[in-house]
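Beneath this line is the structure, given in structure tokens, with notes to follow.
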Amino acid sequence: LSEKGYKFPNRKLTPISIPDSMEIEMFYNHVNGYLSKRCFSIEEVLFPDRKISIGFVRVSYQQRVASSLYSCKKSLERRLEKINNLKKTLERYLHANGASLYNPTGLDDVDLEDLLDEGYDDTFDVNLSNVNIPELRQAIALESTAISPLIRRAGELLDERKDLKIKESIALAKKSLDANDKVLVFSRYTDTADALINEFNLLGLHKYYKYGVYTGATSCIVWNGREWPCDKNELKRGLFSGDIKIVFCSDAASEGLNLQAARVLINVDVPWTPARLEQRVGRIARLGQMADEVVIYNVWYPHSIEARMYHRIQTRLE
């Protein structure tokens, strides 16, 4: 294959540990404390026999909140909305003194990877007539009290543009684009992809670089504020021709989309399984890649759960 002109590129894995992030690290310490202690106390009352399943959901939340500050805020807001919906359901139940159902998703016979995919809805089938009502009311009150200040603090940090992972990722992308490299920016979650695109536009880079978006919900090309829906083949052609210089991807692009025209890949959140990390890297480190070396940046905060997971993954890969 080499004699026929194919290249097998070297991989340059570059970890990016963000400095000067003490304020964010302190915030995440509070978030992780909430996830470990207060979060899912409601489910523990509703489903005392589903501890393993609840553990899987906790892992899902840990990944979502670590992805970006914006993803963290949106995840906490959705959680609070579900708690408030349950509170209203409980109030109606107590008023009517009859059985009531709270939302339609259970956790029996689920696959861990499916559970962790974006779009998973952590609401449950529950018949309140079988629940310890005083314990449930206490759990709702405790979790509501714990989550509200976290949402406020996340909003304050975002208003101060302290989402440092997003800023560092776009700075890396700009540096690569200025060097005439084509770039893939990967996140598991569309909330984080939205934050990346917003930062890219705020810096005015959309005026100089046409970009693509490929997530589970969106496939489009954007140029100077104008957006054209497209399919993945158009994105691929645009990247190969040089018409598109950068593509923002969710894990929907980690399978079945060959983008080896790009040389640089930026992981804004690090997958927590070696197979998923390899799938992302495989978008550019594959036959047909003409560069001698591809560069993969993995971005995280020091002392974070992501940093620990990445080093564990590297050990498993070896």
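The values are calculated or read from the model by the stated rules, or taken from the named source; none is laboratory data. Computed from a predicted model, the values in this text were never measured in an experiment. So basically every Cβ, Gly included, is an ideal-geometry build from the backbone, and we count neighbours across all protein chains shown. Ligands, DNA and RNA are excluded from the accessible area calculation, which covers all protein heavy atoms including side chains. Shrake-Rupley method; radii C 1.70, N 1.55, O 1.52, S 1.80 Å.
Values computed for the structure shown
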quantity	calculated
Residue count, region 223-249 (criterion: closer than 19 Å to residue 174 by Cβ, among the hydrophobic types (A, V, I, L, M, F, W, C) and crowded, with 20+ Cβ neighbours inside 10 Å)	6
Qualifying positions in region 45-62 - over 18 Å from residue 147 (Cα atoms), part of a helix (DSSP H, G or I) and not hydrophobic (A, V, I, L, M, F, W, C)	51, 53, 55
Candidate set: region 44-61, residues that are of a type in the set (Gly, Ala, Ser) and under 20 Å from the mean Cα position of the chain (by Cα); chosen: the one modelled with the lowest pLDDT	55
Total residues in region 189-207, condition outside any helix (DSSP H, G or I), surrounded by fewer than 21 Cβ atoms within 10 Å (Cβ to Cβ) and either in contact (Cβ under 8 Å) with a residue 60 or more places away in the chain or touching a helix residue (DSSP H, G or I) at 6+ places or on another chain (Cβ under 8 Å) (or both)	1
Restricting region 178-188 to residues that are touching a residue at least 24 places away in the same chain (Cβ under 8 Å) and open to solvent by 10 Å² or more (accessible area, probe 1.4 Å), the residue that is nearest to residue 66 (Cα to Cα)	188
Members of region 147-178 that are part of a helix (DSSP H, G or I) and among the acidic types (Asp, Glu)	156, 159, 168, 178
So residue 108, is it modelled with pLDDT under 85, loosely packed, with under 15 Cβ neighbours inside 10 Å and within 20 Å of residue 38 (Cα to Cα)	no
Residues within region 282-309 that are open to solvent by less than 60 Å² (accessible area, probe 1.4 Å), assigned to a helix (DSSP H, G or I) and either touching a strand residue (DSSP E or B) at 6+ places or on another chain (Cβ under 6 Å) or charged (D, E, K, R) (or both), tallied	2
Subset of region 1-44 (residues that are under 23 Å from residue 313 (Cα atoms), of a type in the set (A, V, I, L, M, F, W, C), open to solvent by 70 Å² or more (accessible area, probe 1.4 Å) and assigned to a helix (DSSP H, G or I))	none
Residue that is modelled with pLDDT of 85 or more and under 19 Å from residue 153 (Cα atoms), where the choices are 68, 41, 17, 21	68
Matching residues, region 163-175, being touching a residue at least 24 places away in the same chain (Cβ under 8 Å) and open to solvent by 10 Å² or more (accessible area, probe 1.4 Å)	163, 164, 167, 168, 172, 174
Residue that is surrounded by the fewest Cβ atoms within 10 Å (Cβ to Cβ), among those in region 208-221 that are touching a residue at least 24 places away in the same chain (Cβ under 8 Å) and in contact with a strand residue (DSSP E or B) (Cβ under 8 Å, 6 or more places away or on another chain)	210
Selection status of residue 92, open to solvent by 80 Å² or more (accessible area, probe 1.4 Å) and at pLDDT 90 or above	no
Given (1) surrounded by fewer than 21 Cβ atoms within 10 Å (Cβ to Cβ); (2) modelled with pLDDT of 80 or more, number of the condition residue 252 does not satisfy	(2)
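Yes/no matrix, rows are residues, columns are (1) in a loop (DSSP other than H, G, I, E, B); (2) among the hydrophobic types (A, V, I, L, M, F, W, C):
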residue: 238; (1), (2): no, no
residue: 262; (1), (2): yes, yes
residue: 275; (1), (2): no, yes
residue: 278; (1), (2): no, no
residue: 311; (1), (2): no, no
